[in-house]
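Just so it is clear, none of the values below were taken in a lab; they were calculated from the coordinates. Quantities reported herein were computed from a predicted structural model and do not represent experimental measurements. Please note: Cβ atoms are built from the backbone with ideal geometry, for glycine as well, and neighbour counts cover all protein chains shown.
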Amino acid sequence: MTQLIDCDVHPNFSNGLQDLMPYMTETWRKRLGIGQGGLTGNFAASSFVLPLDYLYINTAGAYRSDAGTADMAPGTDAAFTAEHLLDTHGIDRAILIAGHLLGIGAMPDATVASTIASAYNEWMCERWLQVDDRYRGALAIAPQDPELAVKEIHRMADRPGIAGIFMPLHDILMGEKHYHPIYEAAAHHGLPISMHPSGTENVFARAPRMAGAPTYYLEWHTALSQIHQSNVLSLLCHGVFERFPNLKIVIAEGGFAWIAEIMWKLDRDWQGLRDEVPWIKRPPSEYLLESIRFTTQPFVEPHKKEHVLQLLDMVHAERTLLFSSDYPHWDFDDPKRVLSGLPPDLRQRICVDNAREIYGDRI
Amino acid sequence: MATASSPTGRRHVVARAADLPDGSVEIVEVAGRSIGVYNVDGRLYGLRNVCPHHGAPLCRGPVSGTMLPSDPQEYRYSETEEHLIVRCPWHGYEFRLDDGRSLVAPDRMRAKTYRVEREGDEIVLYL
């Protein structure tokens, strides 16, 4: 019996795009400049690199330093991760979200990003899903080109172990029509769509933008929830869940304490601004509670311990929260620590039932 | 202001008909209550001048039609009688002129309405 589902685990490449070589055509290897035996010059890259958090730096390391070895970078080996994460913590299911593709929504060439996503999906199936049957995959798509994304969803949806979709962040907010073909395909296959911080916020032109440019990693990392708030508001205000009532969205690593204020404020202001968005036919919080889920990591650590349960009550945790560890990132949550003080019923909802409700048989 | 009893409430003359032409509102004081008396295309309405949300002077807000529930990114405007609303001047909440119900929470939020009639040259409110 399933006891614990982890909805945000990152498989990583050991050598960047080179890892995807076996999953790409010769033409695309040429186009991306990979597999050509190293750099051709000293000062400029001659192959594509993956957009990640290159300008906001955690000098202590962005990964758990015990999640790898001298010869193996964290999160790069499915068997090691199965033992180190799943066995150690009693996790029965882990949803894989491409650790090194978090930022591909910022790439200026949509076809390049889509090709990388497709190759990643093959890599994930072969190198992870086939290694341990506790893994489930979020198939990656490139948000820049919805037509190619839809093709990829149809191509991958019925592969063994696929449970959802990972849609990297882009500079277009998630409620806009741009994404509607993707939502239609996701709803058609019953695949929830996860979004996740990209690492590229405010770094690249097509990455999500924040209010101003933070200076420090701590500042930037704490401000990431801005992006999730804006996307949740965009989804709700555009009436995406009126158009696609079966669509489920998972906000991974976006925080969740803020949803209380978002729900209250939307419900209050909607009563006076309803005529601007007449497709919102019920209090906006109802759509959020039905269709959007939030992963728990990084879990809240209020100054007063009793505030944890109060907060979980305010955000309807019994419906909205999905446990996640974010392994192998540095801000990993140990399920025993973060879930220890919860009443058993609520713990069961957060650890298993809420995920089962949206992922269904695929989990 | 003349008053008299009636089977449907106490009869209060609140205006002369000539003083309440089409498209106008008079805010009157009846038995200690502030009430908006409306003439919209010859139809008369009486609405308590207190917003049930935060107590704003509701009848100081504009009267209009409203956007009907619609598909995403489409608009359907109507100003037929059942879609006439007064919009609260503070937070913009919409209340139906005919029954005082809020459009978004009709069962929970409702402004009191009163029967208003034209009787000869008099506008009469029953309370």
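Miscellaneous remarks
- Test result for residue A:106, over 29 Å from residue A:205 (Cβ atoms), among the small types (Gly, Ala, Ser) and touching a residue at least 40 places away in the same chain (Cβ under 8 Å): no
- Whichever residue in the range B:92-127 is within 24 Å of residue B:8 (Cα to Cα) and among the hydroxyl-bearing types (Ser, Thr, Tyr) and, among such residues, is nearest to the other protein chains (Cβ to nearest Cβ): B:113
- Residue under evaluation residue A:191, criteria (1) under 30 Å from residue B:69 (Cβ atoms); (2) in a loop (DSSP other than H, G, I, E, B); (3) more than 18 Å from the chain's Cα centre (by Cα), criterion not met: (3)
- Test for residue A:98: is it within 16 Å of the chain's Cα centre (by Cα), away from chain B (no Cβ under 14 Å) and part of a loop (DSSP other than H, G, I, E, B): yes
- Of the criteria (1) closer than 22 Å to residue A:180 by Cα; (2) surrounded by 24 or more Cβ atoms within 10 Å (Cβ to Cβ), which one residue A:154 fails: (2)
- Within the range B:52-85, if we keep just the residues that are small (Gly, Ala, Ser) and over 17 Å from the mean Cα position of the chain (by Cα), the residue that is nearest to the other protein chains (Cβ to nearest Cβ) turns out to be B:70.
- Scanning the range A:63-77 for residues that are among the aliphatic types (A, V, I, L, M) and either out of contact with any helix residue (DSSP H, G or I) (no Cβ under 8 Å at 6 or more places or on another chain) or within 19 Å of residue A:53 (Cα to Cα) (or both) returns A:70, A:73.
- Which numbered condition residue A:275 fails, given (1) over 16 Å from the mean Cα position of the chain (by Cα); (2) surrounded by fewer than 17 Cβ atoms within 10 Å (Cβ to Cβ); (3) of a type in the set (Asp, Glu): (2)
- Lone unmet requirement of (1) more than 14 Å from chain A (Cβ to nearest Cβ); (2) out of contact with any strand residue (DSSP E or B) (no Cβ under 8 Å at 6 or more places or on another chain); (3) in contact (Cβ under 8 Å) with a residue 12 or more places away in the chain; (4) not polar (S, T, N, Q) for residue B:89: (1)
- For the range A:241-251, the count of residues that are away from chain B (no Cβ under 14 Å) and assigned to a helix (DSSP H, G or I) is zero.
- Considering the conditions (1) surrounded by fewer than 22 Cβ atoms within 10 Å (Cβ to Cβ); (2) part of a loop (DSSP other than H, G, I, E, B); (3) touching a residue at least 40 places away in the same chain (Cβ under 8 Å); (4) of a type in the set (Ser, Thr, Tyr), residue A:200 is excluded by exactly one of them, (1).
- Residue in the range A:69-76 that is in contact with a Phe, Trp or Tyr (Cβ under 9 Å, 6 or more places away or on another chain), surrounded by 20 or more Cβ atoms within 10 Å (Cβ to Cβ) and at positive phi present: yes
- Hey, residue A:59 among the β-branched types (Val, Ile, Thr), more than 23 Å from residue A:144 (Cα to Cα), assigned to a loop (DSSP other than H, G, I, E, B) and within 22 Å of the chain's Cα centre (by Cα) or not: no
- Residue check for residue A:305: within 14 Å of chain B (Cβ to nearest Cβ) and not hydroxyl-bearing (Ser, Thr, Tyr): no
- Members of the range A:272-288 that are assigned to a helix (DSSP H, G or I) and in contact with a Ser or Thr (Cβ under 7 Å, 6 or more places away or on another chain): A:275
- Checked against (1) part of a loop (DSSP other than H, G, I, E, B); (2) free of Cβ contacts under 8 Å to residues at least 12 places away in the same chain; (3) β-branched (Val, Ile, Thr), residue A:222 passes all but a single condition, namely (1).
- Test: residue in the range A:37-46 that is farther than 24 Å from residue A:205 by Cβ and either touching a Gly at 6+ places or on another chain (Cβ under 6 Å) or outside any loop (DSSP other than H, G, I, E, B) (or both): no
- Within the range A:255-282, the set of residues being within 8 Å of chain B (Cβ to nearest Cβ) and in contact with a Leu (Cβ under 8 Å, 6 or more places away or on another chain) comprises A:274, A:278.
- Of the candidates A:313, A:361, A:345, the single residue that is surrounded by fewer than 14 Cβ atoms within 10 Å (Cβ to Cβ), in contact (Cβ under 8 Å) with a residue 12 or more places away in the chain, assigned to a helix (DSSP H, G or I) and charged (D, E, K, R) is A:345.
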